[in-house]
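Here is the structure we will look at, set down as structure tokens.
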Amino acid sequence: MPDHRSLSLWHDTLPADDTMQPRAGLASSTDVDIAIVGAGFTGLWTAHYLIEADPSLRIVVLERDVAGFGASGRNGGWASAILPMSLDRIAAEHGRDEAIRMQRTMYASVDEVGRAAAELGIECHFAKGGQLDFVRSAPQARRARAHIGHLRAFGLDDVRWLDPDEATERAAASDLLGAVHDPHCAAIHPARLVRGLAASVERRGVEIYEQTTVSAIEPGAVVTDHGRVRADIVVRATEGFTPSLAGLKRAIAPIYSLMIATEPLPDSVWSEIGLSHRDTFADGRHSIIYGQRTADGRFAFGGRGAPYHFASAIKPEFDRDDKVHAMLHTTLRELFPQIGDAAITHRWGGALGMPRDWYCGVGLDAATGMAWAGGYVGDGVTTTNLAGRTLADLILRRNTELTTLPWVGHRSRNWEPEPIRWLAIRSALKLPAAADRYEARTGKNERARTWILGKLLGR
Ligand SMILES: Cc1cc2nc3c(=O)[nH]c(=O)nc-3n(C[C@H](O)[C@H](O)[C@H](O)COP(=O)(O)OP(=O)(O)OC[C@H]3O[C@@H](n4cnc5c(N)ncnc54)[C@H](O)[C@@H]3O)c2cc1C
């Protein structure tokens, strides 16, 4: 049995009464109203909103490992309003008003995460300080201004440019030319939220079976290594792990994101750095980086850069990559030299789900009873909440504002077979770092790689 508390900083800092001892597996075949596969945020928010709406429903959640084992327990803790697909893309397919409605619904969903957690008594350290994107070079400044202008063109005008003094006052990062502040983001302790949700739905009568591997999902049934679950509705909530299900090998690609955490830093260091509102932070480079000041006074900091593994493999040894973890440490020290030699106490990672078209989706096929949600790429903390509420409405056949949002019913096409998938994703993952190197060398905006990336991202 793996030591679950060593999975990440978040698992290691769960309340002492949560030992992460696995719940029992499914004992025998059974018959239920709704079977949910995967006990991450998607599965558990769905269970939560369903049982809240109709306590008489018989719902089971089937989980291969333990609740919160996947990305939901390990992430950067940004409850942001970011979507993987661009507003332009949504507007092109559904019209400008729908793109705006989708974005505003995401804004409201950040608050819903905080509201629901508070109502359920889950202390997940929710702090809505917004998101700070540091601007540290001329090309980054051009992109930041263009980003603000782009949002304004959609009538979304509460993202603000901060001049260098104002930016430094919020967070004294190095080489600041300014920053972009987006108020629609909260920092959370993700494992507290996902574990709290599991305990909460269980108290309300949802049955959670852990240590139960699902091998296939079918209309009306889930096939597990412990027996068969017959269900009117089957919800697939397996995100990056989806390729392990029969027939879904190419549905989504697992991409690794890796993180580090420092030891708790003294107040004197935080008074130099700031981040007193616990704003989440990144900067305007092409490579994805993300950080937060945790409630217990550490930096939790992550980024991409780990390779895609052939045939969509997910293995515990992929969670740690010395080169990427060292790069993250160097980057954090460049951003905040004030941390000096603070020890790195935790190094971990996990797989998120990348759909072929970078467009997340949620839906229910009424004819078969098969429901799904996912494809959030690196931005699922809030989106999973919206997915859970939307799935509950769809399953309960309620026509609401949520069930007509532009991502409802969206299905991404399959990835290419191997080895094409491996070649394409490996190459694409190298582009952002190459673009950053070009900009650092020349001081000019990188256009060619940015264009290719944009095409790959469907922007
Ligand atoms: C390191 C990292 C940092 C991230 N940072 C952020 C961030 O700051 N903000 C943000 O918005 N998003 C972030 N993300 C993405 C976000 O965490 C995910 O989008 C989100 O948690 C997905 O939730 P989920 O419930 O759909 O999937 P998961 O949490 O991955 O849950 C899927 C569950 O299904 C189970 N499962 C899989 N296959 C089977 C099977 N065959 N049988 C039974 N059970 C199965 C798994 O064990 C797992 O528990 C990050 C992801 C990672 C890995």
Review point. Residue 406 passes all but one of (1) without any contact (Cβ under 8 Å) to a residue 60 or more places away in the chain; (2) not in a helix (DSSP H, G or I); which number fails?
Key: (1)
Check your understanding: under 21 Å from the mean Cα position of the chain (by Cα), of a type in the set (S, T, N, Q) and closer than 30 Å to residue 57 by Cα, is that true of residue 385?
Key -> yes
Exercise for review: Examine the stretch 88-105 for a residue that is without any contact (Cβ under 8 Å) to a residue 12 or more places away in the chain and hydroxyl-bearing (Ser, Thr, Tyr), and state whether such a residue exists.
Suggested key: no
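Take the residues in the stretch 327-358 that are among the aromatic types (Phe, Trp, Tyr) and out of contact with any Leu (no Cβ under 6 Å at 6 or more places or on another chain), then tell me which one is nearest to the ligand (Cβ to nearest atom).
It comes out as 348.
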**Study point:** Filter result (part of a helix (DSSP H, G or I) and of a type outside the set (Phe, Trp, Tyr)) within the stretch 32-71
**Key:** 42, 43, 44, 46, 47, 48, 50, 51, 52, 53, 71
Check your understanding: residue 425 passes all but one of (1) in contact with a helix residue (DSSP H, G or I) (Cβ under 7 Å, 6 or more places away or on another chain); (2) modelled with pLDDT of 90 or more; (3) in a helix (DSSP H, G or I); (4) not basic (Lys, Arg); which number fails?
Key -> (1)
**Study point:** First in the stretch 263-276 and at pLDDT 95 or above, second anywhere and hydroxyl-bearing (Ser, Thr, Tyr), Cβ under 6 Å, 6 or more apart
**Key:** 263/345
Review point. Of the residues 274, 302, 291, which is away from the ligand (no atom under 16 Å from the Cβ), open to solvent by less than 30 Å² (accessible area, probe 1.4 Å) and under 21 Å from residue 185 (Cα atoms)?
Key: 274
Review point. Does residue 440 satisfy the condition of being surrounded by 18 or more Cβ atoms within 10 Å (Cβ to Cβ), over 23 Å from the mean Cα position of the chain (by Cα), more than 30 Å from residue 105 (Cα to Cα) and not acidic (Asp, Glu)?
Key: no
Practice item. Take the residues in the stretch 32-75 that are near the ligand (Cβ under 8 Å from one of its atoms) and among the basic types (Lys, Arg), then tell me which one is least open to solvent (accessible area, probe 1.4 Å). Key: 74
Revision key, fill the gap. Condition set outside any helix (DSSP H, G or I) and among the charged types (D, E, K, R), scope the stretch 308-331, selection most open to solvent (accessible area, probe 1.4 Å): answer is 320
Exercise for review: Would you check if there is a residue in the stretch 139-152 being open to solvent by less than 20 Å² (accessible area, probe 1.4 Å) and within 16 Å of the ligand (Cβ to nearest atom)?
Suggested key: no
Exercise for review: Please give the strands (runs of 3 or more DSSP E) falling wholly within the stretch 72-182 in which 2 or more residues are within 23 Å of the chain's Cα centre (by Cα) and at pLDDT 95 or above.
Suggested key: 78-80, 131-135, 178-182
Study note, to complete from the structure: residue 285 fails exactly one of (1) in contact with a Ser or Thr (Cβ under 9 Å, 6 or more places away or on another chain); (2) assigned to a strand (DSSP E or B), namely (2)
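Okay, residues lined up against (1) touching a residue at least 24 places away in the same chain (Cβ under 8 Å); (2) surrounded by 17 or more Cβ atoms within 10 Å (Cβ to Cβ); (3) near the ligand (Cβ under 10 Å from one of its atoms); (4) among the polar types (S, T, N, Q):
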| site | (1), (2), (3), (4) |
| --- | --- |
| 163 | no, no, no, no |
| 173 | yes, yes, no, no |
| 179 | yes, yes, no, no |
| 194 | yes, yes, yes, no |
| 216 | yes, no, yes, no |
| 232 | yes, no, no, no |
| 248 | no, yes, yes, no |
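If you check 197, 132, which single one turns out to be farther than 18 Å from residue 300 by Cβ and not β-branched (Val, Ile, Thr)?
Result: 197 is the single residue among 197, 132 that is farther than 18 Å from residue 300 by Cβ and not β-branched (Val, Ile, Thr).
The values are calculated or read from the model by the stated rules, or taken from the named source; none is laboratory data. Given the structure is predicted, the values throughout are model-derived calculations rather than measurements. Note that we place each Cβ from the backbone using ideal geometry, even for glycine, and neighbour counts take in every protein chain shown. Heads up: the accessible areas ignore ligands, DNA and RNA and are worked out on the full protein's heavy atoms, side chains in. Shrake-Rupley method; radii C 1.70, N 1.55, O 1.52, S 1.80 Å.
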